[in-house]
Amino acid sequence: MRERITAEGHRRARWWAAEALGEELHARLGLLGLVPDADEAVLAAMALAAPPPPGPPEVVARPVRSLEEYRAGVEIELEAFALDAALHEEIRAAAARRYEQEHAAGQAPRFLAFLDGDPVATATAITAERGLFLIGGATRADARGRGAYRALVRARWDFAVERGTPGLVVTAGRHSRPILERLGFETVARLRLYDDPTI
């Protein structure tokens, strides 16, 4: 896997492993050079199989419809996540290619939430046979606490229903877990998060 990751040009790798796999496996991952994530070593795997509450009426959340909207979502993500400047430029440079790939495949649609027509939050969903895996939720600092994240969860639920796979799963850390619990998500497993310093 390390060879494949580096061959595809990735500069960072993170590994998730369920706690239920046992301490022997986790010890072996350590022997292979993986180290627990310094910020948050354990995440909750959460699932939802019933409609979450809708977002507030003033927030419109939906899949992106253009490259311009896709780029707006990327900028919201870059603002929200602390990444080095070189990585920001790399992500921006790849935006058009990634939009075309994801749009054509329909496997990882990006969503935007709008307040007064202004994009303020973004999130992505990876499609699967039985539902959607939610990733990449980010809200602009000046729009937090106004229901944009809740609206994005509901928009992705509605998307899942439309495609006949009404179910959502997500991995959640200490910041998002309380919000997701209020929306009806339940923890179904605990995952340990590892960084791979060899890449």
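Descriptive notes on the structure:
- Environment charge of GLU181, counting only residues whose C-beta is closer than 13 Å and scoring Lys/Arg +1, Asp/Glu -1: +3
- 5 angstrom amide H check on VAL120, placed H, neighbours 5+ away: ALA113, PHE114, LEU115
- Look at ILE76, ILE91, ILE135 and count the other Cβ atoms within 10 Å of each Cβ; fewest to most, that gives ILE135, ILE91, ILE76.
- Residue-wise HN-Hα coupling along the range 15-29, computed from phi with Karplus coefficients 6.51, -1.76, 1.60 (Hz; x: Gly, Pro): 10, 10, 9, 5, 4, 5, 6, x, 5, 4, 5, 5, 5, 5, 4
- Computed FRET value (nearest 0.05) for ILE5 with ILE91, which takes r as the C-beta separation and R₀ as 22 Å: 0.85
- Mean ellipticity per residue at 222 nm, deg cm²/dmol - from DSSP H runs of n ≥ 4 across the chain, formula -39500 (n - 2.57): -11000 deg cm²/dmol
- Taking 37 °C and 0.692 mPa s as conditions, the chain diffuses translationally at an estimated 182 µm²/s according to Stokes-Einstein applied to its Kirkwood radius (Cα pairs).
- Between GLY184 and any residue 5 or more places off or on another chain, the built amide H atoms are never under 5 Å apart.
- In nm, spacing of pseudo-spin labels at ALA41 and THR127 (7 Å Cα→C-beta vector): 3.9 nm
- When only alpha carbons of the range 50-166 are considered, Rg and Dmax amount to 13.8, 41 Å.
- Rg/Rg_globular for the range 132-194, with Rg_globular taken as 2.2 N^0.38 Å and Rg from C-alpha atoms: 1.17
Only the coordinates and a few stated rules stand behind these numbers; no lab work does. What you are looking at is a predicted structure, and each value in this text was computed from that prediction instead of being measured. So basically every Cβ, Gly included, is an ideal-geometry build from the backbone, and we count neighbours across all protein chains shown.
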